[in-house]
Amino acid sequence: MDSRDNLENDMERTPRPYIGVMFECCGVYQRVYRRPDQLEYRGRCPRCLRLVNVRVDPSSGSNERIFRAR
């Protein structure tokens, strides 16, 4: 087993961070996930595919986990 296998196994066991987004365009809720190496959540409305980006500010972020996309 090489180091790449170890990294892939660690990534499988670690839950991916996510936020909840209520897409008001279509009235649907969707979890939006963040890759561990990125500082933003990127997702799309499951019905109309509208894009949403939510940046993470490590110095003064929000404690909220659910957001509205208007």
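Structural remarks
- Filtered by the rule that a residue be basic (Lys, Arg) and either closer than 16 Å to residue 64 by Cβ or out of contact with any strand residue (DSSP E or B) (no Cβ under 8 Å at 6 or more places or on another chain) (or both), the stretch 21-45 gives 31, 34, 35.
- The stretch 1-32 - residue that is in a loop (DSSP other than H, G, I, E, B) and modelled with pLDDT of 95 or more and, of those, surrounded by the fewest Cβ atoms within 10 Å (Cβ to Cβ): 27
- Residues that are surrounded by 12 or more Cβ atoms within 10 Å (Cβ to Cβ) and in a loop (DSSP other than H, G, I, E, B) within the stretch 42-70 comprise 45, 46, 47, 50, 56, listed in sequence order.
- Screening residue 35 on (1) surrounded by 12 or more Cβ atoms within 10 Å (Cβ to Cβ); (2) at pLDDT 90 or above; (3) outside any strand (DSSP E or B) shows it passes everything except condition (2).
The values are calculated or read from the model by the stated rules, or taken from the named source; none is laboratory data. Bear in mind that the values here come from a model prediction, so they are computed numbers and not experimental data. When we count neighbours, we look across all protein chains shown, and the Cβ atoms used for this are built from the backbone with ideal geometry, even at glycine.
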